[in-house]
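Working notes, structure below.
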Amino acid sequence: MDSRRNFIKQTSILGLSGIVDPKELLTAKSHEAQSPKEKKWADGSRLVISVSMQFEAGGQPDNAESPFPKNMEEGFIDLPGATWYQYGYKEGIPRMLDNWDKLGIKITSHMVGSAVLKNPDLAKEIVDRGHEAAAHGMNWSTQYAMSYEAEKKFIEDGVKAIKRVTGFDAIGYNANWLRRSENTLKILQELGFKYHIDDLSRDEPFIIQVNQKDFVVVPYTIRCNDIVLIEGKNFSADQFFHQVKAEFDQLYQESEFKKRQLSISFHDRIGGTPQMVKTTHELIKYIQNHQGVSFKRKDEIAKLALGDETTIRE
């Protein structure tokens, strides 16, 4: 109480003398009270960037959604639509992998099990280059409609495919379009997963209880997602750049006083196009010019969250 009284007295004197605006001092004191060091990332980062690269192409069903009109007659295969997906593993991922190397960052690749089995060399190359392999189901089936047993097998089959091809033990999960079932988290915990990303509710990781154990949520966003912006809204690469830049600029400002995470997501057949890779390179170079920014795989973020007693718990 005395310290508060003294502070008010000091600000009043300084304000009356015209040296300092009392409002500025009160704002600074408020920020100081709300921004202890423990609000920052445990490794000292100011803002963490989490980049996703979806490895889905090759695992899609026949006549999967594509940029072509939805007027195929029943019984026929959308052959040009299939080539749109093929671009993802023939050109998209190889181009993005080279870009990540040039930028010196590591990313998380959410891998569909059937896509991994169809293009095993590419899946292995992703891991061999130092990136994380996370699970993304066995195929594009709707897992929220599955029984407990069927969903568990569906997730487990995808994990086994990744392990068999890449040697990587997946500990992170992303459901198709984030639509998990009421059983998904329990199943993930039983299978040894440490985190999932199917949550849009925060801009920093947090811990929940699943089966009476800690489980990390590394939040996702659709605001900085190429499949929503480029394909869904027909944004140009330039519009994508400015939208994600605006997101970064605001989060970087907030990160002066609280823990913040920026999530950016790319899909093999969209984010791997020449214009998007060039734009992404320019965007990430812009981000890297800011002090205190670090790029982390999602398994690294989950580990940091679990080891930090200041991580939000829900």
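Just so it is clear, none of the values below were taken in a lab; they were calculated from the coordinates. The structure displayed is predicted, hence computed values, not measured ones. When we count neighbours, we look across all protein chains shown, and the Cβ atoms used for this are built from the backbone with ideal geometry, even at glycine.
Name the strands (runs of 3 or more DSSP E) wholly inside the range 41-152 in which the number of residues that are buried (at least 21 other Cβ atoms within 10 Å of the Cβ), touching a residue at least 12 places away in the same chain (Cβ under 8 Å) and polar (S, T, N, Q) is 1 or more.
Numbers: elements: 47-54, 108-111, 132-135.
Ranges flagged: 47-54, 108-111.
Go over the candidates Leu251, Leu229, Leu283, Leu262 one by one and state the one that is without any contact (Cβ under 8 Å) to a residue 24 or more places away in the chain and either surrounded by 14 or more Cβ atoms within 10 Å (Cβ to Cβ) or within 29 Å of Lys303 (Cα to Cα) (or both). Talk me through it step by step, then tell me what you get.
Values: Leu251 fails: without any contact (Cβ under 8 Å) to a residue 24 or more places away in the chain; Leu283 fails: without any contact (Cβ under 8 Å) to a residue 24 or more places away in the chain; Leu262 fails: without any contact (Cβ under 8 Å) to a residue 24 or more places away in the chain.
Matching residue, one of Leu251, Leu229, Leu283, Leu262: Leu229.
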Select from the range 65-113 the residues that are within 24 Å of the chain's Cα centre (by Cα) and among the aliphatic types (A, V, I, L, M) and list them in ascending order. Ile93, Met96, Leu97, Leu103, Ile105, Ile107, Met111, Val112
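Is there a residue in the range 175-190 that is under 15 Å from the mean Cα position of the chain (by Cα) and closer than 26 Å to Arg129 by Cα?
Start the filter on the range 175-190 by keeping residues that are under 15 Å from the mean Cα position of the chain (by Cα), which leaves 175-178.
Subset that is closer than 26 Å to Arg129 by Cα: 175-176.
Within the range 175-190 (the criterion being under 15 Å from the mean Cα position of the chain (by Cα) and closer than 26 Å to Arg129 by Cα), the answer is yes, since at least one residue qualifies.
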Filter result for the condition that a residue is part of a loop (DSSP other than H, G, I, E, B) and of a type in the set (A, V, I, L, M, F, W, C), over Ile287, Ile270: Ile270
In the range 230-269, what residues are out of contact with any Leu (no Cβ under 9 Å at 6 or more places or on another chain) and among the small types (Gly, Ala, Ser)? Gly232, Ser236, Ala237, Ala246, Ser263, Ser265
Tell me yes or no: at least one residue of the range 230-246 is in contact with an Asp or Glu (Cβ under 8 Å, 6 or more places away or on another chain) and in a strand (DSSP E or B). no
So, of the residues in the range 222-262 that are in contact with a helix residue (DSSP H, G or I) (Cβ under 8 Å, 6 or more places away or on another chain) and of a type in the set (Val, Ile, Thr), which turns out to be farthest from Asn176 (Cα to Cα)? Val244
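Please tell me if Ile49 is closer than 29 Å to Ala302 by Cα and in contact with a Phe, Trp or Tyr (Cβ under 6 Å, 6 or more places away or on another chain). I'd like the intermediate steps shown before the answer.
Details: closer than 29 Å to Ala302 by Cα: yes; in contact with a Phe, Trp or Tyr (Cβ under 6 Å, 6 or more places away or on another chain): yes.
Yes.
More than 18 Å from the chain's Cα centre (by Cα) and not charged (D, E, K, R): does that describe Gln243?
Details: more than 18 Å from the chain's Cα centre (by Cα): no; not charged (D, E, K, R): yes.
Here the answer is no, as Gln243 does not meet what is asked.
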